[in-house]
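Below is one structure; the comments refer to it alone.
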Amino acid sequence: MSRSPFLNPVSRQIWWRKYRQAGEAEIQESWVRVADAVAGVEGSQADTWRRRFEALLQEFEFLPGGRILAGAGSHRRVTLFNCFVMGTIEDSLDGIFQALREGALTMQQGGGVGYDFSTLRPRGTPARESGTIASGPVSFMQVWDAMCHTLLSTGNRRGAMMATLRCDHPDIEEFIEAKGEPGRLRCFNLSALVNDAFLEAVKEDRPWPLLFPDQAFEPDPDAETLMREWSGRPEPQPCRVVKRVSARALWEKLMQATWERAEPGVLFIDRINRWNNLGYRERISATNPCGEIPLPPYGACDLGSLNLTRFVRKPFTSEAFLDLAALEESTRVAVRFLDDVIDLSRFPLQAQKEEARGSRRIGLGITGLADALAMLGLRYDSEAGRSEAERALRTLCHAAYRTSVELAREKGAFPWFDRRAYLQRPFIRSLPTALQREIERHGIRNSHLVAIAPTGSISLLANNISSGIEPIFSLRQKRQLTAEDGGRATVELEDYAWRLWRSRHPEGPIPETFVTAEQLQPEDHLLMQAALQRHVDNAISKTINIPADYSLESFRAVYLRAHQLGLKGCTTFRPNPVTGSVLQAEAPERPCCRVEEAIR
């Protein structure tokens with residue numbers, strides 16, 4: 001067995017506790033297990049691809065999603081997909097508890113879940129069939145929360161859930177305030193579905209109608225109705241106006257809640273649907289729990305990340321460079337790996353299997369970006385740093401699409417591929433002309449290919465590299481982990497790039513390229529996310545760090561700026577007493593993300 005790749009005991013503990021299977025003494029054995037299982041779907045070419053997959057996994061060059069690392073080749077009844085968006089919740093007691101059951105089954109097998117609760121009638125609405133009064137979507141979210149806590153008590157993997165609600169649902173104000181009480185709905189991340197019309201109403205300070213499909217109410221010929229596309233409905237519906245509120249006041253309430261406790265986040269849902277490669281056959285109203293994969297009902301995310309620090313040559317020298325040719329080659333192998341996972345994985349529900357294999361969505365992304373930039377001598381908040389990051393994402397994106405075309409030639413296009421409709425989608429039209437022609441000629445294996453996940457645990461596994469596209473949290477940090485005896489232990493860690501620098505310059509001053517989260521302004525985060533979003537067909541999980549003393553007025557501008565820059569959503573974290581922090585820096589610094597994302 002070759003030397004251990006772990007540079008600190010914490011990373012090894014993460015592997016031992018989360019990803020190791022019985023009998024595995026070193027992580028290299030885990031890599032062999034995963035590569036062998038995934039390559040097994042390649043038939044006569046299995047041996048060739050097993051060797052290539054194993055080589056890709058070595059030294060943490062490619063980090064598959066945690067469910068893949070933990071489950072592939074384990075022979076356990078688990079899914080290899082990290083997260084799902086569940087089916088439409090039918091507005092009836094039977095429908096609600098059927099959806100709850102499906103969520104429990106999915107979480108039992110290791111998958112996180114996302115739900116759009118907009119289909120449930122608002123609090124106080126009479127239910128005609130039973131004569132009872134509806135308690136509203138937020139009340140049923142508490143049932144889901146209790147289910148998640150119950151599963152945790154049975155020893156299941158920590159549950160992660162996303163709840164979304166439309167900005168024109170009559171219970172949107174209650175949804176905004178739902179986590180105002182400490183400890184409430186702690187298994188959920190919350191995001192408001194904000195559409196373009198609402199933002200225009202905010203800008204113009206107009207009244208905003210809160211409404212719901214008319215068929216949920218007693219007939220009233222005098223009731224005001226408006227036609228709206230509605231969650232879970234294939235066609236626009238007549239929706240009854242329950243009341244009108246000031247759009248600007250509602251936006252203020254949303255901003256106040258998010259400023260105070262980091263939730264709800266905001267999803268720019270019209271942009272998500274406008275840029276969806278499968279917008280010709282589906283409408284999205286929810287995401288996976290961390291937001292990097294907007295998905296239709298029963299959609300699933302098949303995730304993996306390339307570790308950019310492994311592609312930096314001659315780090316910390318004047319000749320340092322990012323090896324884009326090597327990145328392109330690794331992208332080609334990683335795309336095939338994730339495509340094979342779709343065929344290997346079990347699924348908690350048949351509908352999830354059909355959705356995953358119909359679209360063959362994957363989400364290949366990057367991690368270690370901030371460390372890689374430091375190793376290249378570039379600041380995270382510089383134009384040069386953003387340009388290099390964008391160059392890496394462009395390389396990955398185009399290589400992923402070319403590989404998917406080649407896979408289509410070899411194995412066939414994804415079943416729901418409609419050549420004419422697919423080629424008209426905005427993201428596809430943004431690709432190089434030659435690549436569009438290849439898609440037209442040969443089809444494409446995967447409907448979507450690129451997503452940037454938070455990569456919290458797998459980045460810690462890979463010797464504490466910076467996670468996803470987040471800045472370096474701190475050069476040294478303290479982290480609370482669960483010890484083997486079940487107690488909590490505080491451990492000290494060094495950032496991967498910083499450790500590498502110190503090993504070469506033990507007495508040297510700290511280079512200015514080691515910019516940490518506390519040194520950045522919100523605009524720096526937004527500009528980096530916007531630069532990379534151009535080359536991401538799914539979405540990006542990114543938390544915008546907000547200083548504790550940031551004014552509410554300035555905070556509001558962050559979300560409007562996010563929309564202006566073309567982002568698909570925005571999540572912020574400002575230190576607050578409700579969510580607390582998982583990470584602690586040696587010097588006083590701000591947490592790098594919401595608690596739910598850091599734990600996941």
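The values are calculated or read from the model by the stated rules, or taken from the named source; none is laboratory data. Computed from a prediction, not measured in an experiment: that's the story for all the values here. Methodologically, a virtual Cβ is constructed for each residue, glycine included, from the backbone with ideal geometry; neighbour enumeration extends over all protein chains shown.
Considering only the range 81-95, I want to know if a residue exists there that is without any contact (Cβ under 8 Å) to a residue 40 or more places away in the chain, in contact with a Leu (Cβ under 8 Å, 6 or more places away or on another chain) and either buried (at least 22 other Cβ atoms within 10 Å of the Cβ) or not β-branched (V, I, T) (or both).
Checking the range 81-95: not a single residue is without any contact (Cβ under 8 Å) to a residue 40 or more places away in the chain, in contact with a Leu (Cβ under 8 Å, 6 or more places away or on another chain) and either buried (at least 22 other Cβ atoms within 10 Å of the Cβ) or not β-branched (V, I, T) (or both).
Among the residues of the range 12-25, which ones are farther than 22 Å from L80 by Cβ and surrounded by 13 or more Cβ atoms within 10 Å (Cβ to Cβ)?
Once the filter is applied, which keeps residues that are farther than 22 Å from L80 by Cβ and surrounded by 13 or more Cβ atoms within 10 Å (Cβ to Cβ), the range 12-25 yields R12, Q13.
Using beta carbons and a limit of 6 Å, which pairs, at least six apart or on different chains, have the first residue in the range 461-473 and touching a residue at least 40 places away in the same chain (Cβ under 8 Å) and closer than 8 Å to A370 by Cα and the second one among the aliphatic types (A, V, I, L, M) and part of a loop (DSSP other than H, G, I, E, B)?
P471/L520
Restricting the first residue to the range 358-370 and requiring it to be under 21 Å from H525 (Cβ atoms), which pairs with a second residue that is surrounded by fewer than 24 Cβ atoms within 10 Å (Cβ to Cβ) and of a type in the set (K, R) meet a Cβ separation below 8 Å and a spacing of at least six or different chains?
Partner pairs satisfying both residue conditions: G368/R310.
Quick one: F53 ticks every box in (1) of a type outside the set (S, T, Y); (2) surrounded by fewer than 23 Cβ atoms within 10 Å (Cβ to Cβ); (3) touching a helix residue (DSSP H, G or I) at 6+ places or on another chain (Cβ under 6 Å) except a single one, so which number is it?
Only one criterion is unmet by F53, namely (2).
Looking at (1) touching a strand residue (DSSP E or B) at 6+ places or on another chain (Cβ under 7 Å); (2) surrounded by fewer than 24 Cβ atoms within 10 Å (Cβ to Cβ), which one does R419 not meet, given that it meets all the others?
(1)
All but one of (1) within 22 Å of P64 (Cα to Cα); (2) part of a helix (DSSP H, G or I); (3) not charged (D, E, K, R) hold for P348, so report the exception by its number.
Unmet condition: (2).
Just to be sure before I move on: is D381 acidic (D, E), within 20 Å of K542 (Cα to Cα) and in a helix (DSSP H, G or I) in the structure I sent?
On the way: acidic (D, E): yes; within 20 Å of K542 (Cα to Cα): yes; in a helix (DSSP H, G or I): no.
Criteria not met by D381.
For (1) in a strand (DSSP E or B); (2) modelled with pLDDT of 95 or more; (3) not aliphatic (A, V, I, L, M), each residue gets a yes or a no:
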| residue | (1), (2), (3) |
| --- | --- |
| G159 | no, no, yes |
| T164 | yes, yes, yes |
| R184 | no, no, yes |
| A201 | no, yes, no |
| P209 | yes, yes, yes |
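What are the residues in the range 111-136 that are at pLDDT below 95 and β-branched (V, I, T), if any?
T125, T132, I133
Anything in the range 59-93 that is within 18 Å of M141 (Cβ to Cβ), over 24 Å from the mean Cα position of the chain (by Cα) and either in a loop (DSSP other than H, G, I, E, B) or among the charged types (D, E, K, R) (or both)? List them, or say none. Let's see the steps before the verdict.
As a first pass, look at the range 59-93 and keep what is within 18 Å of M141 (Cβ to Cβ): 83-93.
Filter once more, keeping what is over 24 Å from the mean Cα position of the chain (by Cα): 90-93.
Once the filter is applied, which keeps residues that are within 18 Å of M141 (Cβ to Cβ), over 24 Å from the mean Cα position of the chain (by Cα) and either in a loop (DSSP other than H, G, I, E, B) or among the charged types (D, E, K, R) (or both), the range 59-93 yields E90, D91, S92.
Pairs please, first residue from the range 259-276 and without any contact (Cβ under 8 Å) to a residue 24 or more places away in the chain, second anywhere and crowded, with 24+ Cβ neighbours inside 10 Å and not hydrophobic (A, V, I, L, M, F, W, C), Cβ atoms under 9 Å, 6+ apart in sequence or on different chains.
Within 9 Å, the pairs are N273/S285; N273/P294.
Is it the case that S139 is at pLDDT 90 or above and either out of contact with any helix residue (DSSP H, G or I) (no Cβ under 6 Å at 6 or more places or on another chain) or not small (G, A, S) (or both)?
Yes: the conditions hold for S139.
If A531 satisfies all but one of (1) in a loop (DSSP other than H, G, I, E, B); (2) modelled with pLDDT of 95 or more; (3) more than 23 Å from W251 (Cβ to Cβ), what's the number of the condition it fails?
Evaluating A531 over (1) in a loop (DSSP other than H, G, I, E, B); (2) modelled with pLDDT of 95 or more; (3) more than 23 Å from W251 (Cβ to Cβ) leaves (1) as the failure.
Test G456 against the criterion of being free of Cβ contacts under 8 Å to residues at least 60 places away in the same chain and either charged (D, E, K, R) or under 28 Å from A334 (Cβ atoms) (or both), and give yes or no.
Answer is no for this residue.
Answer yes or no as to whether A249 is at pLDDT below 95 and either surrounded by fewer than 16 Cβ atoms within 10 Å (Cβ to Cβ) or more than 30 Å from G183 (Cα to Cα) (or both).
In short, no.
Looking at the range 307-335, I want the residues that are over 16 Å from A384 (Cβ atoms) and have a partner that is basic (K, R) with Cβ atoms under 6 Å, at least 6 apart or on another chain. Which pairs are those?
D323/R313; V333/R52
If E218 passes every condition in (1) in contact with a strand residue (DSSP E or B) (Cβ under 8 Å, 6 or more places away or on another chain); (2) acidic (D, E); (3) modelled with pLDDT of 95 or more but one, which one does it miss?
(3)
Take the residues in the range 290-315 that are surrounded by fewer than 24 Cβ atoms within 10 Å (Cβ to Cβ) and either among the basic types (K, R) or at pLDDT below 95 (or both); name whichever of them is farthest from V450 (Cα to Cα).
Ranking the qualifying residues of the range 290-315, first place goes to K314.
Confirm whether Q480 is surrounded by fewer than 16 Cβ atoms within 10 Å (Cβ to Cβ) and touching a strand residue (DSSP E or B) at 6+ places or on another chain (Cβ under 6 Å).
Numbers: surrounded by fewer than 16 Cβ atoms within 10 Å (Cβ to Cβ): yes; touching a strand residue (DSSP E or B) at 6+ places or on another chain (Cβ under 6 Å): yes.
Spelling it out, Q480 is indeed surrounded by fewer than 16 Cβ atoms within 10 Å (Cβ to Cβ) and touching a strand residue (DSSP E or B) at 6+ places or on another chain (Cβ under 6 Å).
Tell me, which strands (runs of 3 or more DSSP E) wholly within the range 233-333 include 3 or more residues that are within 30 Å of D222 (Cβ to Cβ), of a type in the set (D, E, K, R) and touching a strand residue (DSSP E or B) at 6+ places or on another chain (Cβ under 8 Å)?
237-246
Does the range 111-132 contain at least one residue that is under 14 Å from A351 (Cα atoms), surrounded by 19 or more Cβ atoms within 10 Å (Cβ to Cβ) and polar (S, T, N, Q)?
no
Can you tell me which residues in the range 191-246 are within 29 Å of the chain's Cα centre (by Cα), of a type in the set (G, A, S) and over 28 Å from A557 (Cα atoms)?
S231, G232, listed by residue number.
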